[in-house]
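Heads up, the thing below is written out as structure tokens.
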Amino acid sequence: MELNEAIAKRRSVRNFKNQPLPDGTVEKLIDAARIAPSAGNLQVCEYVAVSKPETKQALSAAAGGQIQVAQASVVIVVCVNQKPLKNMEAEALTFTVFWMRGQQLKT
Ligand SMILES: Cc1cc2nc3c(=O)[nH]c(=O)nc-3n(C[C@H](O)[C@H](O)[C@H](O)COP(=O)(O)O)c2cc1C
């Protein structure tokens, strides 16, 4: 399938068959997600694959009662590790201050 066709045909799926995923599928999905670019290459996303029914049920409730979250055989929770971001915020702030000073010098 061509890239444009894949983009045009993409849809959200909210109904899942109650069957386990083939071996290696979760790993493949997480591998694809983790090579995505990130700001400053900080790679703050961490992925947790959840298959335990009670945990999926809790996630479903936390997502406002979305049934499909409990129904999926595996739910991948994307977490953000905020630690590197805190440093980046400080850097971004410093950069902004320098940039603003630069602008002031120009005017
Ligand atoms: C940031 C974001 C959050 C979303 N959250 C949910 C969600 O919690 N539950 C859900 O069923 N769909 C969610 N969606 C999917 C959108 O509802 C869906 O993309 C939109 O209705 C368009 O439908 P389509 O994806 O089939 O084109 C989310 C989409 C985005 C971009």
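Read-outs throughout are calculated quantities, based only on the coordinates presented, and are distinct from any laboratory measurement. Just so it is clear, the model here is predicted, and its values are computed rather than measured. All Cβ positions, glycine included, derive from the backbone under ideal geometry; neighbour counts span all protein chains shown.
Take each peptide in 16-29, 65-78, count the other Cβ atoms within 10 Å of every residue, and average; sorted highest first, the result is 65-78, 16-29.
A straight Cα-to-Cα reach below 25 Å connects Lys28 with the lysines Lys9, Lys17, Lys52, Lys56, residues fewer than 8 places away in its own chain not being considered. 3J(HN,Hα) along region 31-46, derived from phi through the Karplus expression 6.51 cos²θ - 1.76 cosθ + 1.60 where θ = phi - 60°, amounts to 4, 5, 5, 6, 8, 5, x, 9, 4, x, 6, 6, 6, 7, 7, 10 Hz, with x in place of Gly and Pro.
What does the charge add up to near Met1, with Lys and Arg as +1, Asp and Glu as -1, over the other residues with Cβ less than 13 Å from its Cβ? Here the charged neighbours net out to 0.
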